[in-house]
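Since the structure comes first, as C-alpha cells, the remarks are kept for the end.
The values are calculated or read from the model by the stated rules, or taken from the named source; none is laboratory data. The structure displayed is predicted, hence computed values, not measured ones. Cβ coordinates were reconstructed from backbone atoms using ideal geometry, including for glycine residues, and neighbour counts include every protein chain displayed. Keep in mind that these areas ignore ligands, DNA and RNA; they rest on the heavy atoms of the full protein, side chains included. Shrake-Rupley method; radii C 1.70, N 1.55, O 1.52, S 1.80 Å.
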Amino acid sequence: MVTQLPGRDKVVALTFDGCEAPNAPALLDPSILAVLEAEKVPATFFVTGLFARRNAAGLARLAETGRIEVENHSFDHPQHMERLDGPRLRRQVAETDSEIERVTGRRPRFFRFPAGNYDAAALAEVESLGHTVVHWSFASGDPARGVTPAHLTDWVLSRTRPGNILIFHVNGRAPATGAALPGILAELRKRGYGFVRLDEVMK
C-alpha cells in the first residue's frame, strides 16, 4: 500500500476523491475544476462507481485533457470494506473498473479504500485484481465542517514534503478546497515543487 511517491524528486501528486454513497448524490465541484484548468496541473481523481456514473460527461472531458487520470474508489463508498466478504469486495472493485473504463476509455490501475479503512485480507483481495492501493501522506481534512480556506492552506503547506501524495475532495462537500487551491499551488511552485499524476511516476 502506497502513501508516498517513489524517488527523491521535489514533486507532489494532487489527488481528489469523488465519493458518492447510496442516496447521497454528489457532483463534481466546479470551483476545483476551474482551478485545475486554469493552472494546467496534472491530478488523479479517485471516484466511486456511482460518482462516475452521475458525472460521466465531466469525467470524460477531464480524461480527454491528458492531465487527469481517473482511478477506483469502490462502487458505493462502504466505510469498512474490510467487513465485506470476498465476492462483495471484488464486486465493489470490478463494477467500478467497468464504469470508469466506460466513461474514460481507460481501465483503472490504482485503488483507494473509502475512509482509508482496510485490513490485510481486504488489501490482498484488491491487489489480486491487479490494483495498486494508494492512500495519502497526510489528511488535508478538507471535508471537515467549518474548515476555512486559510486554515486548509496553512495546514497543507505546513505539512507538505517532497514525494507527498496530497488528498482533497472534489465531490462538492469540501467548500474550502476550491478557494484554497490557487494559493496552495502558487506557494508550492514558489518552493520549487512540481506536480505529477500517479501513473507518471508509479510505473
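Quick look at the values:
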quantity	calculated
Fraction in percent of alpha-carbon pairs per bin - 10 Å, the stretch 1-116	14, 45, 32, 9, 0
Spacing of the two label points (7 Å from each Cα toward its C-beta) at Arg67 and Thr132, in nm	2.3 nm
Calculated [θ] (222 nm, deg cm²/dmol) that DSSP helices of n ≥ 4 give over the chain, each run adding -39,500 (n - 2.57)	-12500 deg cm²/dmol
Length-normalised contact order for the stretch 20-68 - Cα pairs under 8 Å, 6+ apart - percent	48 percent
Relative contact order (%) - the chain, alpha-carbon pairs under 8 angstrom, separation at least six	34 percent
Portion, in percent, of the accessible area of the chain that falls on carbon or sulfur, probe 1.4 Å	52 percent
Calculated FRET efficiency for the pair Arg83/Arg8, C-beta based, R₀ 35 Å, to 0.05	0.40
Paired Rg and Dmax values of the chain, which use every Cα atom, in angstrom	15.8, 48
The chain, accessible area per residue, ligands and nucleic acids excluded (1.4 Å, Å²)	44 Å²
Unit Cα scatterers, Debye sum, the stretch 1-52: log10 I(q)/I(0) for q = 0.15, 0.20 Å⁻¹	-0.56, -0.85
Max mean-square fluctuation residue, GNM over the chain, Cα-Cα springs under 10 Å, options Ala176, Ala120, Ala13	Ala120
